[in-house]
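Presented below is the structure to which this report refers.
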Amino acid sequence: MSSANPKPSAPVLDHDKVADQAGSGSYVANFESKDSALTRFQKFLHKYPVAAPTIVLVCAIIGFSLLVGDRFLHPFNLSLVLQQVTIIGVIGVAQTLIILTAGIDLSVGAIMVLASVVMGRMAIDHGLDAGFALLIGISVGALAGLINGTLITRFKLPPFIATLGSWNVFFALNLWYSKSETIRSQDIANNAPLLQWLGETISFFGARLTYGSLLMLALFFVIWYALNWTAWGRHVYATGDDPAAAKLAGIRTDRILLSVYVLAGVVCAIGAWVLIGRIGSVSPQAGYTTNLDSITAVVIGGCSLFGGRGSIYGTLIGALVVGVFRNGLALAGVDVLWQEFTVGILIIVAVGVDQWIRKGTA
Amino acid sequence: MTAHYDQQPVLQARGLVKRYGSVTAIDHADLALYPGEILAVIGDNGAGKSSLIKALSGALVPDEGEILLDGQPVQFNSPMQARELGIETVYQNLAVSPALNIADNLFLGRELRKPGILGSVFRMLDKKAMEERAQAKMKELGLMTIQNISQAVESLSGGQRQGVAVARSALFGSKVVIMDEPTAALGVKESRRVLNLIKEVRDRGLPIILISHNMPHVFEVADRIHIHRLGKCAATITPESHTMSEAVAIMTGAMEVDDSSAAA
């Protein structure tokens, strides 16, 4: 990440460009003077949307290591933070894709739980091969995403409303299909250990990483690649940034949106596998807060809710910021309610900063 | 700077008709664009010039008439088809994505992929090639006051953004560039640059159809002026043969022109 380097923002201040702008009639007023330090900082944050959450993360790590000492910085504790943010991270990948298109998906948590119930019941109740059960679960995720995407592209429903509806629908289906029963951890361990495999850990230097965490990091890498190095990724950004302009440039924006929702559904289903690994059992009530937590991670990670702006690893950092704050406050012996309080403040500040950054360069 | 009126028109419309219910937006309109020229299309609001332009750029399918590209009849059902045949359109509202950089915008929808397995299997973009070609095109068009090709378009001024849109059309338009009110949203100085840019593109061999309301701009850059009135071509004049007020008079119907006085 070169985002920590402030130098590249310098060309913006170039004299030619300032003169250029001065010559433009579209500017009501122009000031020949150089930008103030604050404006420069604003432009820097605008150019590197990941900078703000990175600064917060680094400050939080330094702050908590001073506050609670070595217990916080111990590799075991840091790997615990990573384990704790794994599910939010995976679902955050799905949410980032959607928020980049200026949408929002309130059904991600419900898709994840539904897929986990399908995986569990297919493997345990119907006795299917665990690998096959996983595939069916992932197909259910894709189908759920396809339904969301169709509602939004074909029936032109606002994403917020479409996924608010599908959230309830998927959650009800999940309760119906699971009969509101939990599949016990031992049953899965005996009959379909593959479903729990992502919960296994590998240790080094005192840190304990789960395969689930590694899968999350791999997922971030794959989606980062797709967003930054393929035409599809450019089109996702363009669609979120200005759909009319994207269409005029020849992008089939509806197809892009549909593909994003389907991919998000698949990622949520992968999240279902991670979820089973993490809690061991399959519960229709699990992961109920994942919806809003994923939005929290994306927003703190610097993605703009207006679309087209932000990066996928910002979400990873956003999830880590939340994880570090929760873990650090817990180690410091602060009541859980203050953790919620802090996360709330972080969200408001993150969105406020986003607004400020956008205003400064519009 | 030399237009070739003795040659076959690059783009020609014959007897185009478009009706919306009882309203006839285009009424047997003709238009001819010759190699190496800037043809301005002017007309009062509601004269049907935007419908005509939409028909030429593929955004609208005419009910009657034919469009010839290099003398061959063509039919476009979408802007993409027109574009594939080498007709690029620069839209009034700038089809650029503000958050993407200049190179990304130039190649938006037509990205280059890396050769070999990286491109075919991993769909990897050839960012270097795109940046190099973007850089070369911007330089060729005299747009390199823009510092950095990987700079986001939103950090550019209005005129520079228009420059990016024009550069994109010049990069891909192999036959014709259609520009819809390219100076409408710009200040005086910025307009000047864009007008120079339009001439630059013409001098590099691409004929241009320029739609504009701004008479001084039209009279400055156009080689011929197509005046649209009541759904068809009222006259085709040149900046030398008529004055601005005469053009306005023809446009509004205050002055009649018989076909014989129309320039080439």
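The values are calculated or read from the model by the stated rules, or taken from the named source; none is laboratory data. What you see is a predicted model, and the numbers here were worked out from it, not measured in a lab. Ideal geometry is used to build each Cβ from the backbone, glycine not excepted, and the neighbour counts take in all protein chains shown.
Quick rundown of the values:
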{"item": "Segment B:86-108 residues that are at the interface with chain A (Cβ under 7 Å from one of its Cβ atoms) and within 17 Å of A:Arg252 (Cα to Cα), paired with ones that are among the β-branched types (Val, Ile, Thr) and assigned to a loop (DSSP other than H, G, I, E, B) (beta carbon under 9 Å, 6 or more apart)", "result": "B:Leu108/A:Ile251; B:Leu108/B:Val96"}
{"item": "Subset of segment A:217-232 [under 17 Å from A:Arg309 (Cβ atoms) and out of contact with any Phe, Trp or Tyr (no Cβ under 8 Å at 6 or more places or on another chain)]", "result": "A:Ile223, A:Asn228"}
{"item": "Number of positions in segment A:63-108 that are among the charged types (D, E, K, R) and under 28 Å from A:Leu257 (Cβ atoms)", "result": "1"}
{"item": "Extreme residue, nearest to A:Ser311 (Cα to Cα), among residues of segment A:105-129 that are of a type in the set (Val, Ile, Thr) and modelled with pLDDT of 95 or more", "result": "A:Val108"}
{"item": "Candidates A:Val50, A:Val85, A:Val28 - the one that is of a type in the set (A, V, I, L, M, F, W, C), modelled with pLDDT of 90 or more and at negative phi", "result": "A:Val85"}
{"item": "Condition met for B:Gln160 (at pLDDT 80 or above and not basic (Lys, Arg))", "result": "yes"}
{"item": "Top-ranked residue in segment B:126-149 [being within 9 Å of chain A (Cβ to nearest Cβ) and either among the acidic types (Asp, Glu) or in a loop (DSSP other than H, G, I, E, B) (or both); ranked as surrounded by the most Cβ atoms within 10 Å (Cβ to Cβ)]", "result": "B:Ile146"}
{"item": "Sole residue being free of Cβ contacts under 8 Å to residues at least 60 places away in the same chain and part of a helix (DSSP H, G or I), chosen from A:Ala144, A:Ala162", "result": "A:Ala162"}
{"item": "Residue check, A:Val113 touching a residue at least 40 places away in the same chain (Cβ under 8 Å), closer than 30 Å to A:Thr239 by Cβ and out of contact with any Ser or Thr (no Cβ under 6 Å at 6 or more places or on another chain)", "result": "yes"}
{"item": "Residue list for segment A:257-270, filter: crowded, with 24+ Cβ neighbours inside 10 Å and within 14 Å of chain B (Cβ to nearest Cβ)", "result": "none"}
{"item": "Every pair of residues 6+ apart whose Cβ atoms lie under 8 Å, when the first sits in segment B:150-173 and is more than 9 Å from every other protein chain (Cβ to nearest Cβ) while the second is surrounded by fewer than 22 Cβ atoms within 10 Å (Cβ to Cβ) and of a type in the set (Ser, Thr, Tyr)", "result": "B:Ala165/B:Tyr91"}
{"item": "Failed condition for A:Ser180, given (1) part of a helix (DSSP H, G or I); (2) in contact (Cβ under 8 Å) with a residue 24 or more places away in the chain; (3) out of contact with any strand residue (DSSP E or B) (no Cβ under 8 Å at 6 or more places or on another chain)", "result": "(1)"}
{"item": "Complete set of residues in segment B:64-84 that are touching a residue at least 24 places away in the same chain (Cβ under 8 Å) and either of a type outside the set (Gly, Ala, Ser) or at positive phi (or both)", "result": "B:Glu64, B:Gly65, B:Glu66, B:Ile67, B:Leu68, B:Leu69, B:Asp70, B:Gly71, B:Arg83"}
{"item": "Residues located in segment B:215-241, provided they are at pLDDT below 90 and in a loop (DSSP other than H, G, I, E, B)", "result": "B:Leu230, B:Gly231"}
{"item": "Test: residue in segment A:70-83 that is of a type in the set (D, E, K, R), in a helix (DSSP H, G or I) and either without any contact (Cβ under 8 Å) to a residue 60 or more places away in the chain or within 30 Å of A:Gly301 (Cα to Cα) (or both)", "result": "yes"}
{"item": "Test set (1) modelled with pLDDT under 95; (2) under 25 Å from A:Leu292 (Cβ atoms) - A:Ile223 fails condition number", "result": "(1)"}
{"item": "Checking B:Val10 against (1) under 19 Å from the mean Cα position of the chain (by Cα); (2) within 13 Å of chain A (Cβ to nearest Cβ), the condition it does not meet", "result": "(2)"}
{"item": "Selection from segment A:305-358 of residues that are free of Cβ contacts under 8 Å to residues at least 60 places away in the same chain and among the polar types (S, T, N, Q)", "result": "A:Gln339, A:Thr342, A:Gln355"}
{"item": "Residue count, segment B:182-196 (criterion: within 19 Å of B:Leu141 (Cα to Cα), in a helix (DSSP H, G or I) and of a type outside the set (Lys, Arg))", "result": "5"}
{"item": "When residues of segment B:70-82 are limited to those that are surrounded by fewer than 20 Cβ atoms within 10 Å (Cβ to Cβ) and of a type in the set (A, V, I, L, M, F, W, C), the one nearest to B:Ile26 (Cα to Cα)", "result": "B:Val74"}
{"item": "Neighbours by Cβ (under 8 Å, 6+ apart or cross-chain): first from segment A:196-214, farther than 17 Å from A:Leu316 by Cα; second modelled with pLDDT under 90 and among the basic types (Lys, Arg)", "result": "A:Thr201/A:Arg208; A:Ile202/A:Arg208"}
{"item": "Residue in segment A:220-242 that is nearest to the other protein chains (Cβ to nearest Cβ), counting only those that are of a type in the set (Val, Ile, Thr) and part of a helix (DSSP H, G or I)", "result": "A:Thr239"}
{"item": "Residue in segment A:329-337 that is under 17 Å from A:Cys59 (Cβ atoms), at pLDDT below 90 and assigned to a helix (DSSP H, G or I) present", "result": "no"}
{"item": "Complete set of residues in segment B:242-257 that are over 14 Å from B:Val218 (Cα atoms) and assigned to a loop (DSSP other than H, G, I, E, B)", "result": "B:Gly253, B:Ala254, B:Met255, B:Glu256, B:Val257"}
{"item": "Which listed residue, of A:Asn174, A:Asn168, is of a type outside the set (A, V, I, L, M), exposed (fewer than 15 other Cβ atoms within 10 Å of the Cβ) and in a helix (DSSP H, G or I)", "result": "A:Asn168"}
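Condition check ((1) in contact with a Leu (Cβ under 9 Å, 6 or more places away or on another chain); (2) polar (S, T, N, Q); (3) under 16 Å from A:Ile317 (Cα atoms)) across all residues:
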residue: A:Phe76; (1), (2), (3): no, no, no
residue: A:Gln83; (1), (2), (3): yes, yes, yes
residue: A:Thr86; (1), (2), (3): yes, yes, yes
residue: A:Val90; (1), (2), (3): yes, no, yes
residue: A:Ile104; (1), (2), (3): yes, no, no
residue: A:Ser116; (1), (2), (3): yes, yes, no
residue: A:Ala123; (1), (2), (3): yes, no, no
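Conditions (1) at positive phi; (2) buried (at least 24 other Cβ atoms within 10 Å of the Cβ); (3) in contact with a His (Cβ under 9 Å, 6 or more places away or on another chain), marked per residue:
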| position | (1), (2), (3) |
| --- | --- |
| A:Ala272 | no, yes, no |
| A:Arg278 | no, no, no |
| A:Ala297 | no, yes, no |
| A:Ile300 | no, yes, no |
| A:Ser304 | no, no, no |
| A:Gly310 | yes, yes, no |
